[in-house]
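Values in this text are rule-based calculations from the coordinates and carry no lab data. On a predicted model such as this, the values are computed, not experimentally measured, just so you know. Here the Cβ is made from the backbone with ideal geometry for all residues, glycine too, and neighbour counts use every protein chain on show.
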């Protein structure tokens, strides 16, 4: 009994209890990440294509072609009302098949019960066609046409490469050249409107604007003619595909992104296609209500917003902490400020969103529009949600974290170091800049790391101050001032919410939720590891000052 009392008094049980808690937490985190990774990465693996010969309860034969997305066992009694003969089985397997072919059937997915399957095969010539619209098409390629002439199927890859090059040229022409002309036309219109508001619109200036507009429109017509020729050229080639119901469908190669004979791929080809699809997911734009395509605009918006938030919150938090710890007296007002800072950390994030919408967007943004952009009204420039207001809102949300962390770092520095520096003739400002801040820099970086971790995953306030389901253009482009902080943007956190809960195609969206969540976690970890690396370098650099 005495030994047990000594063991408890030594503190060893609490050490083991803490170690067990940390171990369980690590196991839970690793398990969650493995679950997200397995479900997310499996989405990119090229699945086998199956053909099911079916016989329904009325004896009518049919064929189903597609990918097996899920398999589950259900009680046989659930199928009694359907008239399916379960042959006395207690449980029956059923398959969730992605059949695509939206122009022929209403749903992308269907459940089929195993007792209805007469034969299951994996034909080598079965093909999956990824399209820009209407999702995937599954079937058998019957004919390939080039310039209206039937050609060999073996030449399909060459035609696809040609179409891809033309599509890239069309995209570049639309986004860069024609986009720049549209931007310049809008700038001329705004300049004319501003001169009219200021009373400076003279006949000479009107003639100048008209000449510039005419020149741009002439260039636009030239580019439009070139664009139409490219579109005509890319629409010449097509393929005829036979669906699972026997219908023959013509698919223009302009609408085709990728054609794959999955059942003919060996392991190395599948691995190559796996990484290619991951790359496409990261760098492509979303399609079909975010249920297909990539998430590059959401990645760009998330990283830009977090970096901009960090640039804003770091100096504000550090300056506030320095004032509270180094300059403010220990009086009732200072105590009240510290209580307010601590309480701000517990305010629900949606409240910050409402504040950001009311103060930043409507008040500050609306005032900026009235002062600097009257020619654009009633269309707002800064008076609408955008990436700048999102970054400022999250900066206020994470400001208490940076202040508290920085102040704790300042408090750990011995007063003797301050006194010694002042005794040697340094001013208080020099002491802060050369001694105090370098030593406290690891604590400052810790606050910034915590701020990044929280801000990157926030969604609720962003829904009010800048994030949207689909952003037509990135906040960064080739038009002056290049970085457009007034534009709305996409965010990975909101993308997860939108795909998971607002998608019209739930089954197709499910693997995308896991894939996007894995990507968001990866980005947060990358940002945090970068900040941790900087903190460790600063700690090693200024370790001598601490001693």
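Observations on the structure shown:
- Report note on the peptides 207-218, 22-33, 441-452: ranked by the mean count of other C-beta atoms within 10 Å, highest first, their order is 441-452, 207-218, 22-33.
- Taking label points 7 Å from Cα along the Cα-to-Cβ direction, residue 89 and residue 185 give a separation of 6.2 nm.
- Normalised by the number of residues in the chain, the mean separation of alpha-carbon contacts (under 8 Å, six or more apart) gives a relative contact order of 15 percent.
- Using a Förster distance of 41 Å, the FRET efficiency for residue 339-residue 70 (Cβ separation, nearest 0.05): 0.20
- Prolate is the label for segment 66-154. Its Cα gyration tensor axes, ordered a ≥ b ≥ c, give a/c of at least 1.5 and a/b above b/c.
- Cα centroid separation - segment 26-86 against segment 236-250, whole Å: 26 Å
- With respect to the chain, whose longest principal axis is taken over its alpha-carbon atoms, helix 267-283 is tilted by about 50°.
- Judged by the gyration tensor of its Cα atoms, with axes a ≥ b ≥ c, segment 185-320 is oblate; a/c meets the 1.5 cut and b/c is at least as large as a/b.
- Adding -39500 (n - 2.57) for every DSSP H run of four residues or longer, then dividing by how many residues the chain holds, sets the calculated 222 nm ellipticity at -17500 deg cm²/dmol.
- Quotient of Cα Rg and 2.2 N^0.38 Å for segment 123-202, N being how many residues it contains: 2.01
- The calculated FRET efficiency for residue 232 paired with residue 205, based on their beta-carbon distance and R0 = 51 Å, is about 0.80.
- Shape analysis of segment 417-465 based on the Cα gyration tensor places the equivalent ellipsoid semi-axes at 38, 11, 5 Å, largest first.
- Comparing Cα centroids, segment 304-332 and segment 176-217 end up 44 angstrom apart.
- Computed P(r) (all Cα pairs; segment 382-502; 10 Å bins; percent): 12, 29, 23, 18, 13, 4, 0
- Here r is the Cβ-Cβ distance between residue 133 and residue 280 and R0 is 25 Å; the resulting FRET efficiency, rounded to 0.05, is 0.90.
- Our note on the geometry: Cα centres of segment 459-512 and segment 124-168, 32 Å apart.
- Prolate/oblate/rounded call for the chain, Cα gyration tensor, a/c under 1.5 rounded: oblate
- Stretchable slack from residue 45 to residue 26, in nm (0.36 nm times residue separation minus alpha-carbon distance): 4.0 nm
- Remark: segment 1-89 projects, on average over all directions, an area of 12.4 nm² (convex hull of Cα atoms).
- Measuring nothing but how far apart in sequence close Cα pairs (under 8 Å, 6+ apart) lie, relative to its length, segment 409-525 scores a relative contact order of 19 percent.
- Protection proxy ranking of 95-101, 15-21 - average other beta-carbon atoms within 10 Å, highest first: 95-101, 15-21
- Segment 303-546 - Rg and Dmax from Cα coordinates, angstrom: 20.9, 71
- The mean sequence distance of close C-alpha pairs (under 8 Å, at least 6 residues apart), as a share of the length of segment 96-166, puts its relative contact order at 23 percent.
- Order by protection proxy (mean Cβ within 10 Å, highest first), peptides 489-497, 76-84, 432-440, 156-164: 489-497, 432-440, 156-164, 76-84
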